[in-house]
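Participant: One structure, pasted below without further comment.
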């Protein structure tokens, strides 16, 4: 069952690399700032994405959140997306929090579904909801 929204973040694409021109398959790095369960964090994400038959994107990624007091959370995830008219892309998917400490310990074992969007200027917004 879809639960409450637990977080939101904004940020910027900081890296882009073509892994395979056939497809194509790319790797993207993102830096974000956000809030999860009321805690401010800085986030780092790396994911790959590949164009699929039918014109949609499939990707897998991993990331971590860090708070000012040293609390951390790490996740892996996957999603499906589409290119946006005018540039960027939008994805929908799920992340699995594999470990978490301190103020973010509540995230350990949590699954969250997300809406993620990148615009033509490499600005990123992501919202996520707990999947109970």
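Participant: Picking from 89, 112, 73, which residue would you name as being touching a helix residue (DSSP H, G or I) at 6+ places or on another chain (Cβ under 9 Å), surrounded by 13 or more Cβ atoms within 10 Å (Cβ to Cβ) and modelled with pLDDT of 95 or more? Write out each step before concluding.
Facilitator: Working: 89 fails: touching a helix residue (DSSP H, G or I) at 6+ places or on another chain (Cβ under 9 Å); 112 fails: touching a helix residue (DSSP H, G or I) at 6+ places or on another chain (Cβ under 9 Å).
Selected residue: 73, the only one of 89, 112, 73 that is touching a helix residue (DSSP H, G or I) at 6+ places or on another chain (Cβ under 9 Å), surrounded by 13 or more Cβ atoms within 10 Å (Cβ to Cβ) and modelled with pLDDT of 95 or more.
Participant: Something else now. Determine, yes or no, whether residue 62 is free of Cβ contacts under 8 Å to residues at least 24 places away in the same chain and under 15 Å from residue 11 (Cβ atoms).
Facilitator: no
Participant: Anything in region 93-122 that is out of contact with any strand residue (DSSP E or B) (no Cβ under 6 Å at 6 or more places or on another chain) and either assigned to a strand (DSSP E or B) or within 21 Å of residue 67 (Cα to Cα) (or both)? List them, or say none. Working first, answer last.
Facilitator: Of region 93-122, the ones out of contact with any strand residue (DSSP E or B) (no Cβ under 6 Å at 6 or more places or on another chain) are 102, 105-106, 109, 119-121.
Correct list: 102, 105, 106, 109.
The values are calculated or read from the model by the stated rules, or taken from the named source; none is laboratory data. As the structure is a computational prediction, the values presented were derived from the model and not from experiment. Ideal geometry is used to build each Cβ from the backbone, glycine not excepted, and the neighbour counts take in all protein chains shown.
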